[in-house]
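The values are calculated or read from the model by the stated rules, or taken from the named source; none is laboratory data. For clarity, every value in this text was computed on a predicted model and none was experimentally measured. Positions of Cβ are generated from backbone atoms using ideal geometry, with glycine treated the same way; all protein chains shown enter the neighbour counts.
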Amino acid sequence: MKDYVNIYEKEGILRVEASGEYKASKARAFFEQIINEARANNLDKVLIDARSFSGEVSVMERYDIGTLLGELRPMRIRLAFVARPSVTWPDHFGENVAVNRGVNMQVTTDLTQALEWLNGIRASHAIDSDKK
């Protein structure tokens, strides 16, 4: 599968559609591009739809991504990340790492829930679809 990233603005949200094989070596460039694009366009909401990514993300890689997001300091940006259930497990670990470093983000498996969270309708992932 060829890597594909489509970035566009819709209704005040920077939307990112990503597919292809996940590669840890490309994570920094991927997130830097997204955060820089949001800042350049003065957008404070980002929706990353990564449900089409293939491959698995190890627990250590989730930790590294959370740490990386903390380093990039997207503090005024609300970041919603939609992924397959196997990526959100265990217990939103990568999300917790990022949030503990000051990142305002939510990881979920549900696109509607992500949009609701970005727009302030839902406060947390407490009723995330992968928790049912």
**OP:** Hey, can you tell me all the residues within the stretch 101-123 that are under 11 Å from L47 (Cα atoms), part of a strand (DSSP E or B) and in contact with a Leu (Cβ under 7 Å, 6 or more places away or on another chain)?
**Re:** M105
Subject >> Test for V59: is it under 19 Å from V107 (Cβ atoms) and either in contact with a strand residue (DSSP E or B) (Cβ under 6 Å, 6 or more places away or on another chain) or not aliphatic (A, V, I, L, M) (or both) >> reply: no
**OP:** Name the one entry in I77, I34 that is more than 24 Å from D3 (Cα to Cα), under 14 Å from the mean Cα position of the chain (by Cα) and modelled with pLDDT of 95 or more.
**Re:** I77
Subject >> Residue that is modelled with the highest pLDDT [pool: residues in the stretch 80-108 that are aromatic (F, W, Y) and more than 10 Å from the chain's Cα centre (by Cα)] >> reply: F93
Original post:
Only one of (1) modelled with pLDDT under 95; (2) within 21 Å of I7 (Cβ to Cβ) fails for V59. Which number is that?
Top reply: (2)
Subject >> Residue tally, condition charged (D, E, K, R), closer than 20 Å to R101 by Cβ and touching a helix residue (DSSP H, G or I) at 6+ places or on another chain (Cβ under 7 Å), over the stretch 23-63 >> reply: 5
